[in-house]
Amino acid sequence: MTPAEELADALRDLVEQVACAEAPDEALAEAAAAVRETTSRLTAAGTERDATSLRFAAGDPWRYRRFSPVSGPLNPLAPPVVYEEITEAGLEAGVTFGVAYQGPPGYVHGAFIAGVFDDVLGAANMASGNPGMTVQLNVRYRRATPLRTPLRVTARHTRREGRRIYAEAAMYAGGEVTAEAEGIFAEITFERAQKLFRNGNGGGSADEQAL
C-alpha cells in the first residue's frame, strides 16, 4: 500500500468512527482540531493535481479510476470496491460497506448500491473494449444488502447496438443475490467528451449530446 493509499484508508477508518462511535464533546473537539491541523499541513506540503482535467482522464482511464468515489483506493469516499478479476468476458469484485453507508438500520443505502453498479458496469465495458458513458441505469433491489459483510459483485458487457452499449451486473451476500442491474451506455470519443464536459464544467446530459 502506497502512502497515498494508506492516507485514504486511514480517513475511511476515521469516517467510520464518526458515523458510529460516541465520545465526550471534549474528545470530539480535540479530534476536529487535529483533523484541521493535518489538513493544513497536507495542503502546505503538496500541490493540487489537475483532478478535473479531461486529458488526465483520457490519458489513462484505468489510472483515473484509482480516484473513483466508488472503487478508487486513493479516494477516501470509496468503500472501496476491489476488482479481483477483470477479463473481456466480465469481472468479479468485492466490497464491504461500513456504517457510513447505512440506509435502513444494519443495511446498505440503495444509492451506494447503485453507485457500485454504475462503476462495475463501466469497468466491464472498458475491459471488453466498449467504453462508454452511462445513459440509463436500472437497479432491482431483491433483498436488503447487509453492512459489514463481504459482498461479491459480478458484471459483464452483453451487447452493442450501434453506439449504444449494454451491460449487466449482480451483487451477492453469502451466495444470495441482493440486487441486480442493467445499464445502457453511449460510446463517447475524446472529441465528443471535450464538447460534453467543457473542461470539467459540464455541458448537458449524455442522452442529449453523446447519443
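Points to keep in mind about this one:
- Here the contact order of the chain, divided by its residue count and restricted to Cα pairs under 8 Å and six or more residues apart, works out to 16 percent.
- Translational diffusion coefficient (Stokes-Einstein; Kirkwood radius from C-alpha pairs) of the stretch 140-186 at 4 °C, 1.567 mPa s, in µm²/s: 111
- Residue order, fewest to most beta carbons within 10 Å, for VAL120, VAL139, VAL177: VAL177, VAL139, VAL120
- If you wrap the stretch 1-156 in the convex hull of its Cα atoms and look at it from every side, the mean projected area works out to 11.1 nm².
- Take 86-93, 67-74, 189-196 and order them by the average number of nearby Cβ atoms within 10 Å per residue, most first; the result is 67-74, 86-93, 189-196.
- Protection-proxy order for peptides 108-119, 35-46, 164-175, each taking the mean of Cβ atoms within 10 Å per residue, highest first: 108-119, 164-175, 35-46
- Three principal axis extents of the stretch 3-45 based on alpha-carbon atoms, in descending order, are 32, 19, 10 Å.
- About its Cα centre, the chain has a charge dipole of approximately 740 debye under the convention of +1 per Lys or Arg Cβ and -1 per Asp or Glu Cβ, with nothing else charged.
- The chain - mean residue ellipticity at 222 nm from DSSP helices (-39,500 (n - 2.57) per run, n ≥ 4, rounded to 500): -11500 deg cm²/dmol
Read the figures in this text as sums done on the coordinates, not as results from a lab. Quick caveat, the model's predicted, so the values are computed rather than measured. Cβ coordinates were reconstructed from backbone atoms using ideal geometry, including for glycine residues, and neighbour counts include every protein chain displayed.
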